[in-house]
Amino acid sequence: MKPNDLPTPPPSNAWTLARRAERMNPSVIREILKVTEKPGIISFAGGLPSPKTFPVTAFAEACAKVLREDGQSALQYAASEGYGPLREAVADMLPWAVDPAQVLITTGSQQGLDLVAKVLVDSGSRVLVETPTYLGALQAFTPMEPQIEAVASDDEGIDMADLERRIGQGADRARFLYVLPNFQNPTGRSMSEARRAALVACAAAQGLPLVEDNPYGDLWFDTPPPLPLSARNPEGCLYLGSFSKVLAPGLRLGFIVAPKAVYPKLLQAKQAADLHTPGFNQRMVAEVIKGGFLERHVPTIRALYKSQCGAMLASLKQEMQGLDVQWNSPDGGMFLWVRLPEGMSAIDLLPHAVDKGVAFVPGAAFYADEPDARTLRLSFVTASVEQIRIGIAALAQAVRERLKG
C-alpha cells in the first residue's frame, strides 16, 4: 500500500476515555522532580534511596553467575507467582510463619497496590487511609472509583476512636484500611506498640481487613520497630514489601503476602497486568541475598541515613529559630515532616524555595481530604551533609522572606 492509499486517520476527538482514566492524575512528586533537574537545585523532594547504597559489585557478580548457570531460564517467560527460591527467601525473612505459596512477587510494591485496588475495590466502595497517607496509594486506588476516607491520625498512628466510627456496617462497611506502620511516607512517623495491638484487635473484632505497606521497616536507626500487623493476624492482613529500599529501586521488585482466600485473585490480576515480574531480576536478587547478604548490607544503609537525618535535624534547629516552624524527629526511614507557620502555604512557598536553590514536596498531595496546606515533606537520604546544611538554610530564608510579605 502506498502512503497516499492509507486510510484517513480518525479525528483527535474520536477517542473516548474510560471514566476511570479521568480519575488518573499525574504524580505531584514526579512533576516536582522535573524542577529539580535544573542545575544547582538541592532536592529534598524525591523519595529516592541513596545510590551510594546500591550493591553494584554484588549485582555484577550475580548477573554473570545467573547468565552463566541459568541464562536460558532467566531470559524465558516465567511463572506469574514468581521465582520459587525468591518466594522462599521472602517467606524466610519475615518475622512470622509464612508459606511461600502465599508470596506473590510483584513489579515493585507499587504494582502490589494496583493489584489490591483491582481485586478489593468496587466503584463507590469505601476505603480507609491514614492522615496523611502515601500519594502512590491514592493514585492506585482512585481509578477504581472508591470513596477514600481519611482516618484521623496522630504521632502514634491511627486514631482508634475515629477508626471505629468510620468502619461502617453491612454493605457500607469499609473494604479495608491501608496503613504504613513503619517510618511512614510522608511523615516518617511509626505506629506505637500499644496502637498496633489496639488496631489489630479492633480490625479482627470488626472484620476489617488491613493492607499493611512496609517498604521502610528495615531502615531503623537504633531500635527495630514492633512486630508487623500481619504477624499478629495473618488471615486479616495483606502485607506489601519491597526490595527497592534495601537493594535498588531500578530492579522493580516487590512482593505481597496474602491470605489464601485472597491470593488466587491477586494472582489472576497479576497475570492480566504483566504475566510476570522479570525472571532475570528475580534470579539476580535471589542470588545476591544468599548467605545473609542483607544482614551485612542493610546496617550500612541505616548508618548513612541516620547520619543524614541527624544533619537535617541539626540544620532545622539552627536555621529555623524564631520562625515558628515545626518538625518531627523520625526513628528511621527516609523522610521527616514539617509544618510551616500559621497562614503559610507550602505550595505557595515552593517556587520561592526553588528560586533559592532548594526543593521539597508540599504536603497537601498526601491527604485524601482536607489537606493541611502548611505541611511539607523533606527527604534526607540523597543529599550530602553539606548540601543538607546549605539547602535548609535556603529553605529558612525563603520562609523568612514570605513571613515578611
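Restricting to the range 65-84, what's the tally of residues that are surrounded by 11 or more Cβ atoms within 10 Å (Cβ to Cβ) and assigned to a helix (DSSP H, G or I)? Give the derivation first.
Taking the range 65-84 as the starting set, the residues that turn out to be surrounded by 11 or more Cβ atoms within 10 Å (Cβ to Cβ) are 65-67, 69-71, 73-75, 78-84.
Imposing the further condition that a residue be assigned to a helix (DSSP H, G or I) reduces the set to 65-67, 69-71, 73-74, 84.
Residues that pass the stated criteria total 9.
Name every residue in the range 223-280 that is outside any loop (DSSP other than H, G, I, E, B), within 19 Å of residue 117 (Cα to Cα), of a type in the set (A, V, I, L, M) and in contact (Cβ under 8 Å) with a residue 12 or more places away in the chain, in order of residue number. Write out each step before concluding.
Narrowing the range 223-280 to residues outside any loop (DSSP other than H, G, I, E, B): 229-232, 234-242, 249-251, 254-257, 263-274, 279-280.
After this cut, where a residue has to be within 19 Å of residue 117 (Cα to Cα) as well, the list is 230, 235-242, 254-257, 263-274.
When the remaining residues are screened for being of a type in the set (A, V, I, L, M), the result is 238, 240, 256-257, 266-267, 269, 272-273.
Passing the criteria: 238, 240, 256, 257, 266, 267, 269, 273.
Inspect all residues belonging to the range 319-331 and state whether any of them is over 23 Å from the mean Cα position of the chain (by Cα), of a type in the set (Phe, Trp, Tyr) and on the phi < 0 side of the Ramachandran plot.
Within the range 319-331, none of the residues are over 23 Å from the mean Cα position of the chain (by Cα), of a type in the set (Phe, Trp, Tyr) and on the phi < 0 side of the Ramachandran plot.
Within the range 204-226, how many residues are touching a Phe, Trp or Tyr at 6+ places or on another chain (Cβ under 9 Å) and among the small types (Gly, Ala, Ser)?
Residues flagged as touching a Phe, Trp or Tyr at 6+ places or on another chain (Cβ under 9 Å) and among the small types (Gly, Ala, Ser) within the range 204-226 amount to 1.
Residue 394 passes all but one of (1) over 24 Å from the mean Cα position of the chain (by Cα); (2) closer than 21 Å to residue 306 by Cα; which number fails?
Tallying (1) over 24 Å from the mean Cα position of the chain (by Cα); (2) closer than 21 Å to residue 306 by Cα, residue 394 fails exactly one: (2).
Of all the residues that make up the range 325-361, how many are closer than 18 Å to residue 187 by Cβ and either polar (S, T, N, Q) or outside any helix (DSSP H, G or I) (or both)?
The total comes to 18.
Restricting to the range 162-182, name every residue that is of a type in the set (S, T, N, Q) and without any contact (Cβ under 8 Å) to a residue 60 or more places away in the chain. Write out each step before concluding.
Kept after step one, since they are of a type in the set (S, T, N, Q), are these residues of the range 162-182: 169, 182.
Matches in the range 162-182: 169 only.
Can you tell me which residue is farthest from the chain's Cα centre (by Cα) among those in the range 362-390 that are among the acidic types (Asp, Glu), part of a loop (DSSP other than H, G, I, E, B) and over 16 Å from residue 185 (Cα atoms)? Break it down stepwise before answering.
Just the residues of the range 362-390 that are among the acidic types (Asp, Glu), to begin with: 369-370, 372, 386.
Next cut, part of a loop (DSSP other than H, G, I, E, B) only: 369-370, 372.
Add one more test, that the residue is over 16 Å from residue 185 (Cα atoms), and what stays is 369-370.
Values: 369: 19, 370: 21 Å.
Of everything passing the filter in the range 362-390, 370 is farthest from the chain's Cα centre (by Cα).
For the range 39-56, enumerate the residues that are touching a residue at least 24 places away in the same chain (Cβ under 8 Å) and part of a loop (DSSP other than H, G, I, E, B).
Listed by number, the residues that qualify are 40, 41, 44, 45, 46, 47, 48, 49, 50, 54, 55.
Laboratory data are not the source of any read-out in this text; all were calculated from the coordinates shown. None of these values were measured; they are calculated from a predicted model. When we count neighbours, we look across all protein chains shown, and the Cβ atoms used for this are built from the backbone with ideal geometry, even at glycine.
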